[in-house]
Each structure stands twice: as C-alpha cells, then as structure tokens.
Amino acid sequence: MPIDDTIYAYSVGRVRALETRLLDQGRFERMIDAASGEEALKVLTESDYAAAVTELDDVHDFEYMLSAELKNSFELIRDISPRPEMIAPLTLRYDVHNLKVLFKAKYLGVKTDLFFPVGSVDLNKLEFAVSEDDYRDLPGELRQAAESINEDFLVNRDPQVIDLILDQVLYKQLIIFAREHNSIFLEGLFVRQIDLTNLKTLVRVKRMGLDREFLKKVLLPQGSLPADRLISLIDEPLESVITALNMSEYASLVDEGVREWLEKGTASRFEKLTDDYITGYLKKGKWKAFALEPLVGYLWAKEIEVKNIRIVLVGKINKLPAEAIRERIRNVYL
C-alpha cells in the first residue's frame, strides 16, 4: 500500500460516522406505509432532516430540502477530502443537468424548478449564459457544448441534440479526468455509467423505431460494451438482445430490466436496477481504510437517499399504492 494513501485516514473515519446517520430500509418502509405525504415527511423528523422538515411550509416544497441536503453533503466531503480535486468531477453532471433544463426551457418551453445547486458553476451564471446566448464565462468544454447546442438547434430544431451533446461532453471529460489521475476506481465507475446509459439508449431507440445510423450517432464512446455490438441489436427481437448480452456483467439487469421495459413499456424497473448496480459497484470499496472509494460511495449513498425520499413523497402526494412506490425504491448503501 503506498504510504500516500494514508492521507485518507481522517476523511474515511469521518465518513464512517456519517454513514451511521444515513436512512436505512426500515425508515423508508415507514414512509411508504404512512397515510399521506405529510405523515411520510414526519418520519424524517427523527433523522438529520428534522430541522429542514420543520422549515417547510408545505409537503410539496420538499425539493428545497433535498437540494440543500445534496449541496451540504458535497461541500462536506470536499472539505474533509485530502484531495478535493478528486471530488470535483462528480459535480460535473449537475452542471450538465442544469444546462439541459435551461436549454429545454428556452427552446421547448419545458418549465421546471428542478435545478441542483451542487455543480461547479453557479446557477445564476448558467442562467445568464443560456438566456443571453453568452457562454464566454463557462468552463471550456461546457462553453463549447453550449455553443454547439445553440448553433445546431437553430438550424435543425432537434431537441435531442441537447441531451446528446451534453452527455457526450460529460462522459468524455469524466474518462479523461480518471485517466489523467490514474484512478482505476473512477474510470471503472464512469465506464459502467456509460455502458448503462448506452443500454438505455439502445432500448429507447429500438422502441422509437429509429435506425442504426441514429443509434450510432447517439451512443457514448469509451464504454466496455462495443458500439458495433449494440448497433447490431437494433433490429433484433427481445430474446436476441438478452442472449447477446448474457455473457456481460449486465446480464441480470438486461434480462429483468430490459425485458420489462420492452414488454410493458415502462423504464422504471430498468432505472432502479441501474442505480442498484452502481450501488453494488461502489459498495465493493466501502470498507477500504485509506482510499477515495468510501468518500465517493458516501456521496452516491446520499444521492440515492435523496432519490428515494423524492420517490416516496411524490408517490404519497399522488396517492400511488404502497407497493407501486416500494417497487421503485433503490437499494440503500448500508
């Protein structure tokens, strides 16, 4: 073990203490079984969310609480990390998310308040850049992506270009970062996220009846699943897709998640399984004493916790059956 790895001893110790305060499966079960959204929210008053819950005027305002929780978690891990620059790339997808929301609001009239104050670029700066078509103050890769979207959309009016360009920039930067810092762990994480995104893209394109050329354009590079292999499956029946991927590490996810998506037309099971898959990958490094892995794992645990709270509260507000909510809940990191 390189001596330098011991610099993580303090931060990993802090993370161990923080993990004891994560919401466990039992807490989510109580929220799911609550009689209403308000009652589900009350369950959180017995946790670290207590102060935030008391400040909410209405159960429908829960997103403010969740955004603040994510922001605080990322700031805390950055502060205690001996190498905060290794945490920085994990915030890039929030910048990308926020840009997607802003461009879609501008070009498509799709309004939403679901912004995340977690990214490396101030939200006000992103809002100004998109509204004024002035991207000079954005970081290099984001600036180029925003300019490309602006130019392409004005010509082709294709909303898919927003997600396509930003996702390609995101994962290109993540892979470059991992390799520049010789992080096998981070590269493994990002490659798996690329693979899962490409599998999702394959199913969506297949269901939309689009052709190979379109799929070729939208697949992300740098994944472990060869693009040619995925492209060859576009015209194949469901069983052929599952058989072709049953020797990959995503076999069970494809068999269960993709099958249900193609047969029932809903991606909810696939989305859950992809999150659970990443949780499983990160848990492998959870107990390392002198490494980056526990810090990244904790941040993912908080992201999943926030997602689960959102799933439960949205479900309770919309009066979904408890079982329907339970099926969507992600596995916790504990």
Would you work out the charge dipole size for the stretch 84-182 about its Cα centre, treating the Cβ of every Lys and Arg as +1 and the Cβ of every Asp and Glu as -1, and quote it to the nearest 20 debye? 240
Rounded, prolate or oblate, given the Cα gyration tensor of the stretch 1-139, with a/c below 1.5 counting as rounded? oblate
Using a ≥ b ≥ c from the Cα gyration tensor of the chain (square roots of the eigenvalues), is it rounded, prolate or oblate, where a/c under 1.5 gives rounded and otherwise the larger of a/b and b/c decides, a/b for prolate? rounded
Pairs of alpha-carbon atoms within less than 8 angstrom and 6+ residues apart define the contacts here; what relative contact order does the chain have, in percent? 23
Surrounding charge for A68, neighbours by C-beta under 11 angstrom, Lys/Arg +1, Asp/Glu -1, total -3
So what is the relative contact order for the stretch 225-334, in percent, with contacts set as C-alpha pairs under 8 Å and at least six apart? 20
Percentage relative contact order, the stretch 35-182, counting C-alpha pairs under 8 Å, at least six apart: 17
In the Gaussian network model of the chain, springs joining C-alpha atoms below 10 Å, which of L215, L123, L320 carries the largest mean-square fluctuation? L320
GNM top mover of G13, G297, G257 - the chain, alpha-carbon springs below 10 Å: G13
What does the helix-only formula give at 222 nm for the chain: each DSSP H stretch with n ≥ 4 adding -39500 (n - 2.57), the total divided by the residues, and the result rounded to the nearest 500 deg cm²/dmol? -20000 deg cm²/dmol
Span from the the stretch 186-202 Cα centroid across to the the stretch 281-334 one, whole angstrom: 18
In the chain, with Lys and Arg counted as +1 and Asp and Glu as -1 at Cβ, which of these residues, T197, G265, N246, has the Cα nearest the positive end of the dipole, that is, farthest along it? N246
If you bin the C-alpha pair distances of the stretch 84-182 every 5 Å from 0, what whole percents do you get? 2, 13, 25, 26, 19, 9, 4, 2, 0
Over 20 Å (Cα to Cα) - which of K42/K307; K172/K206; K125/K200; K272/K302 fall in this group: K172/K206; K125/K200
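Each reported figure results from applying straightforward, stated rules to the coordinates on display, with no laboratory input. Keep in mind that what you see is a predicted model, and the values were worked out from it rather than measured. Reconstructed Cβ throughout: ideal geometry from the backbone, glycine too, with neighbour counts over all protein chains shown.
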